[in-house]
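Read the figures in this text as sums done on the coordinates, not as results from a lab. Remember, predicted model here, so these are calculated numbers, not experimental data. Glycine gets a Cβ as well: all are built from the backbone with ideal geometry, and neighbour counts include every protein chain shown.
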Amino acid sequence: MKLRQTIVLLLVILLSATAAWAQQRTKIRYALGDVVSIDELPLLIAAERAKARGVDVEITAFKSEDVATQAVINGQADIGQGTPYAALQKVGAPIRFFYQLSALLFFPIVNKEFYKSWKDLDGQEIAVHTRGSGTEAIMNLAAKEHKIKYKNVSYVPGSQVRALALLKGNIKATILDASNKNMVMKEQPDKFLILPLGNVKASDEALFATREFLDKKQAGVRIFLEELTKVNRAINANPNWVLEERKKLGLLKDLPAKLEGEILPFYREAVQNGVFPNDGGGDSAAKNDLEFFRLSGALKGENLKVEDFWHLAPLKAALANVK
Amino acid sequence: MNRKEPILKRSLVWQLISFALFFGLWELAGRWPVSLAFPSFSKTFLALVRITADGSLPKAYLVTLQPLLIGIALCGIAGIGFGIGMGLSRAIEWASLPLFIILQAAPMAAIIPLITYIYGIGLTAKVLAVVFLAAPVVVMNSYKGIRNTNPSLIQMCRSFLGTRRQEVIKIILPHAGALIFAGLRLGLAMGFIGVVIAELLITPTGIGDLITYHSSVADYPEMFATIVSIIVIAALAIHGLERLEQKIFPPEIRGS
């Protein structure tokens, strides 16, 4: 009889302890509009470190940023990643950006046989990601700066697809992200040329969520942002750190060897170009974004206000805890 | 004749009621709202008027119809020819039937991106996407139409000492006509699917561009209007062909 009572008592204690432990943990459903690859390593590292502090960041990869945004709008995900400024403005959803994960880094690249400078692109055809995308905005800003006009802008979604089309000769001038630019330059170094670009400052990936979520899960969001900031700072101090952490935490284990070799050059280049903000972007990132996305045509209207798009309190709370 | 008219009228009324019910439910769902990204019927309708008036929708259709028409024309000529060949010759059937059965079963949305690796991102790739989807239906229908010719009719032709040529031209082809035409109609339906998938998956042009662009800048009413317009146009085109089919091949011929 006594033994049975003890067992029951132990079970009750165990169950309530598990329940309490589960209750203390915060769950964040994170919608990623991309395939998980080497550029998501900072996010994966931060998620692992947040887990150790009681915040479970569940990352789901969606096919595109649009789908990920829909998931947040419809409440199937808590945090989304991307720059859906237009959706925020038009849907009128109470959704706000709160952290800049990375800044835009793109490279206009041309086939040397045909073009040698921006001036040569006057009256020529170029290919960008999609209509109204950041890549189109960058190319249009450059055209304005160099006083040229493209004959035609065709839309070829995906840097990788454009890189392949460039190598195959289907397109002669386009704009690529860092890893695909490196791939192209490695495959045929003598055939292509990267055109110089003025200073473009805008978010490539920013985090957004509903105000309701940000207010309700303040502690969890703060811990996650602290870890993201710490990861960015560590990478900026030493790009090699990504490799070490990946090994230590066992992230992206099934990465092909070819891609593995691209990790370090990718992060070195990103750090050199200031892609990862040490302070989560904040007010200045918000202002740059509003300016850039207004020029790109994604945002409409004058006098856009930061507070209509960004909620800066979570970042401030996190930065206060990170020395 | 007199009796027929009220029935026609009544069915028209029922059709209108069902449309009104559908659009009413849509309006309610949009206002409720089901999702912040789901526009009401009235908003979608206004968006449809807007994109038609500013010329972006008609322009998009000019682009989208190109690969569709080329693809369907190719299927109409080569596909039907091939299907007839397969129906008439055991050798052609043996060589190509498995290919079309596989094509019919293959998940096209997964295969279309592969086309880009070989044919790039231009018009060719989109025409191929249409052909890949439409050809199996067109070919298989023509083939079955030929194969299913009533054997007693063929026997009759032979007993009247008809040549093989007469057998094909006077018995088999007229008999298979209805099925071949039905194949063409189904092929057109598949062609619409193919061209939209191609424009969404390969490069956004025409209708695919309107859908992706409006969705990326969160103009959801415009996006829905575009989608609705392609559904309506596809449905009307297929319905038109069906009418034509009934006229050319009335049931008494088809039923033989």
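For the reader, a short list of remarks on this structure follows.
- Per-peptide average of other Cβ atoms within 10 Å, ordering B:237-249, B:48-60, B:173-185 highest first: B:173-185, B:48-60, B:237-249
- Each Lys and Arg contributes +1 and each Asp and Glu -1, all at the Cβ; summed about the Cα centre of the stretch B:104-256, the dipole is approximately 980 debye.
- For A:85-94, mean number of other protein chain Cβ atoms within 10 Å: 4
- In Hz, Karplus ³J(HN,Hα) per residue of the stretch A:92-105 (6.51, -1.76, 1.60; θ = phi - 60°; x = Gly, Pro): x, 7, x, 10, 10, 6, 9, 7, 9, 7, 7, 8, 5, 9
- Each peptide in A:237-248, B:131-142, A:120-131 was scored by the mean count of other Cβ atoms within 10 Å over its residues; highest first, the order is B:131-142, A:120-131, A:237-248.
- Per-residue ellipticity at 222 nm computed for chain B from its helices equals -26500 deg cm²/dmol, with DSSP H segments shorter than 4 residues left out and the rest contributing -39,500 (n - 2.57).
- A crude spin-label estimate for the pair A:Lys300 and B:Ile231, with each label 7 Å from Cα along the Cβ direction, gives 2.5 nm.
- Note on the protein assembly as shown: dipole from Cβ charges, positive end direction compared against B:Leu46, A:Gln188, B:Gln15; the farthest Cα belongs to B:Gln15.
- Label-zone membership for the stretch A:53-86, site A:Arg211, 7 angstrom Cα→C-beta point, backbone N under 13 Å: none
- 3J(HN,Hα) along the stretch B:179-184: 5, 4, 5, 4, x, 5 Hz, from the Karplus curve 6.51 cos²θ - 1.76 cosθ + 1.60 with θ = phi - 60°, whole Hz, x for Gly and Pro.
- Computed over chain A, relative contact order equals 25 percent, with contacts defined as Cα pairs under 8 Å that lie 6+ residues apart.
- For A:Thr26, the residues whose amide H sits under 5 Å from its own are A:Val55, A:Asp56, ignoring neighbours fewer than 5 places away on the same chain, with H placed 1.01 Å from N.
- The stretch B:44-254: relative contact order in percent, alpha carbon pairs under 8 Å with at least 6 residues between: 29
- Residues whose amide H lies under 5 Å from that of A:Tyr150, counting only those 5 or more places away or on a different chain, are A:Gly123; hydrogens are built 1.01 Å from N in the peptide plane.
- Among beta bridges from DSSP that stay inside chain A, the antiparallel ones total about 55%.
- Inter-probe distance in nm under a simple model that places probes 7 Å from Cα toward Cβ, at B:Ala109 and A:Gln188: 3.3
- Among A:Ala52, A:Ala173, A:Ala143, the largest mean-square fluctuation in a Gaussian network model of chain A, built with springs joining Cα atoms closer than 10 Å, belongs to A:Ala52.
- Between the stretch B:92-106 and the stretch A:67-95, the Cα center-to-center distance that results, in Å: 45
- Entry note, chain A: the mean residue ellipticity at 222 nm calculated from DSSP H runs of n ≥ 4, each adding -39500 (n - 2.57), is -14500 deg cm²/dmol after division by the residues and rounding to the nearest 500.
- Antiparallel bridges, percent of DSSP beta bridges restricted to the protein assembly as shown (to nearest 5): 55
- FRET efficiency estimate (nearest 0.05) - Cβ-Cβ, B:Leu69 to B:Ser152, R0 45 angstrom: 0.65
- Simple label model, 7 Å out from Cα along Cβ direction - A:Arg233 to A:Arg268, nm: 2.6
- Top positive-direction residue, dipole computed over the protein assembly as shown with Cβ charges, set B:Trp94, A:Gln81, B:Thr205: B:Trp94
- Peptides B:99-110, A:250-261, A:30-41 ordered by average Cβ neighbours within 10 Å, highest first: A:30-41, B:99-110, A:250-261
- Global geometry of chain B, whether rounded, prolate or oblate, following the gyration tensor of its Cα atoms and the 1.5 cut on a/c: oblate
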